[in-house]
Amino acid sequence: MDSKSIFYRRIHHYVIPVITLALCMSFTSCQGQKKDEPTENTTEIYTYKSGDYNGIGKWYLGREIAHVMGFQGMEWLNRPEREKEENVSKLLENMDIQSDDVIADIGAGSGYHVFKMAPIAHEGEVYAVDIQEEMLAEMRRQLQNNGLDNVNLIKGYEQSVNLPENTIDKVLMVDVYHEFNYPLEMMLSIKKSLRPNAKVYLIEYRGEDRSIPIKTIHKMTEAQSIKEMEAAGFKLVKNIDNLPWQHCMVFEKS
């Protein structure tokens, strides 16, 4: 079996929906989501129409929102090959983490990035935000074993990251923004949490590159990302082009 076939098998939890929309997209509860009512008024923020099998039928600025990968994909998030495939060490270098930084990992999942950032920001804090109780439970288990005292676990909501205002120096979102059911509201919530000159690191598989073995709906182009971030009052500072398959786009408040 060639390496690409092996990769596809490893990411099947990500590229194929693993839980229903009601479970996947809830920020208020892991048991269900109160979905917006469809509207024919295209001047509304969100519109509704059929699209990709892996999408939820809800569109924002021309992009269909993807199904969330559920906690069943935790094993893939923690796969040993992830460093080689995504060059996470390089991503952390890109973030230029300082010892006293206060960082928020939005959609932290099982804590793969959280527990790499926390020792670097040992005089600061890392807020690990997720919507799924199972993910929070896994991070809680790891905290009990590793002795870190600068990680705060936060339960997010469907339109809020539930972070204190004017607190965060750096926000990290790794392959999660495209799954937000309310992307505008979430970015406005993040915006409130930021200190002046704070940075938002938006990491998404490159939608411009068809060779990357991820379903199209789980990718984002730079142009689409800029469009959506600008709608929430952010500007692109730079796109660091040194990761194998992902954009590393850095945004600031406009």
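The values are calculated or read from the model by the stated rules, or taken from the named source; none is laboratory data. Quantities reported herein were computed from a predicted structural model and do not represent experimental measurements. Note that each Cβ is placed from the backbone with ideal geometry, even for glycine, and that neighbours are counted across all protein chains shown. Please note that ligands, DNA and RNA were not included when accessible areas were found on the heavy atoms of the full protein model with its side chains. Shrake-Rupley method; radii C 1.70, N 1.55, O 1.52, S 1.80 Å.
Numbers at a glance
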{"read-out": "Any hit, the range 239-253, residues being part of a helix (DSSP H, G or I) and open to solvent by 10 Å² or more (accessible area, probe 1.4 Å)", "value": "no"}
{"read-out": "Looking only at the range 118-142, and only at residues there that are aliphatic (A, V, I, L, M) and in contact with an Asp or Glu (Cβ under 7 Å, 6 or more places away or on another chain), the one that is nearest to Gly156 (Cα to Cα)", "value": "Val129"}
{"read-out": "The range 188-212, residues that are closer than 29 Å to Tyr53 by Cβ and open to solvent by 10 Å² or more (accessible area, probe 1.4 Å)", "value": "Arg206, Gly207, Glu208, Asp209, Arg210, Ser211"}
{"read-out": "Contacts under 8 angstrom Cβ, first residue in the range 44-69 being of a type in the set (Asp, Glu), partner at pLDDT 95 or above and assigned to a strand (DSSP E or B), 6 or more apart", "value": "Asp52/Glu64; Asp52/Ala66; Glu64/Gly55; Glu64/Ile56; Glu64/Gly57; Glu64/Lys58"}
{"read-out": "Helices (runs of 4 or more DSSP H) (entirely within the range 57-157) containing at least 1 residues that are open to solvent by 30 Å² or more (accessible area, probe 1.4 Å) and aliphatic (A, V, I, L, M)", "value": "74-77, 133-146"}
{"read-out": "Residue match in the range 85-93 (condition: more than 21 Å from Met249 (Cβ to Cβ) and of a type in the set (Lys, Arg))", "value": "no"}
{"read-out": "Within the range 158-208, tally of residues that are part of a helix (DSSP H, G or I), hydroxyl-bearing (Ser, Thr, Tyr) and more than 15 Å from the chain's Cα centre (by Cα)", "value": "1"}
